[in-house]
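Coordinate-derived values only; no laboratory data. Quantities reported herein were computed from a predicted structural model and do not represent experimental measurements. Every residue, glycine as well, gets a Cβ built from its backbone with ideal geometry; the counts of neighbours run over all protein chains shown.
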């Protein structure tokens, strides 16, 4: 299984981004092209494992709403993800694979306080996912459409808090639309980069 390969890769990416400020020369953002063309405000690399399955994911976020409160700041974003599920090798030597495309509104609650340059946050979201196969390893999902809900916690850090590292727990199931409904759970490590200069 390759479930542990992504962690060193994410750590190398964190180190690489840590070498260069995301803001250069005043207010000019280091990464501008993707946000300018698409409006995407955050890019996230996600990797994790659950129920004998690796989950590798690329996510993009569009900020929809921001509100400041007395003790926390609230952000609502819309996340689009593309995932690859990679199951354990079977007796024939084949590795089952499945893709997942999802759209998830996500609420994030940011602490007003910083701790050594780190700003903690909590997040939660629920969205709609499309699986490219209803049968994967020993599971029969019965429907291609699934609901995905997750909770997570993490920290923002770096210049202007443009970097983030988070743990997420995610559950996918069809909410009773079909039977059987085995669902699947993942433990995920998330590394994000804010693309804009805000």
Distance from a point 7 Å along Cα→Cβ of residue 107 to each backbone N in the stretch 35-77: keep the residues under 11 Å and list them by number. 74-76
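Determine, for 41, 88, 123, the number of other Cβ atoms within 10 Å of each Cβ, and report the residues in order from fewest to most.
Details: 41 16, 88 13, 123 20.
With the sparsest Cβ surroundings first, the list reads 88, 41, 123.
For a quick check: sort 59, 153 by the number of other beta carbons within 10 angstrom, fewest at the front. All intermediate terms of the calculation are to be shown ahead of the outcome.
Numbers: 59 21, 153 13.
The most exposed by this proxy come first: 153, 59.
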Relative contact order of the stretch 44-198 (C-alpha contacts under 8 Å, at least 6 apart) in percent is 20 percent
Computed label-point distance, nm, for sites residue 118 and residue 130 using a 7 Å Cα→Cβ extension: 3.9 nm
Calculate, in nm to one decimal, what residue 64 and residue 167 gain on full extension: separation in residues at 0.36 nm each, minus their alpha carbon distance. 34.8 nm
Could you calculate the FRET efficiency of residue 177 with residue 88 from 1/(1 + (r/R0)^6), where r is the beta carbon distance between them and R0 is 30 Å, rounded to 0.05? 0.65
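Would you mind ranking 38, 137 so that the residue whose beta carbon has the fewest other beta carbons within 10 Å leads the list? Can you show the working numbers first?
Values: 38 11, 137 15.
Taking fewest neighbouring Cβ atoms as first place, the list is 38, 137.
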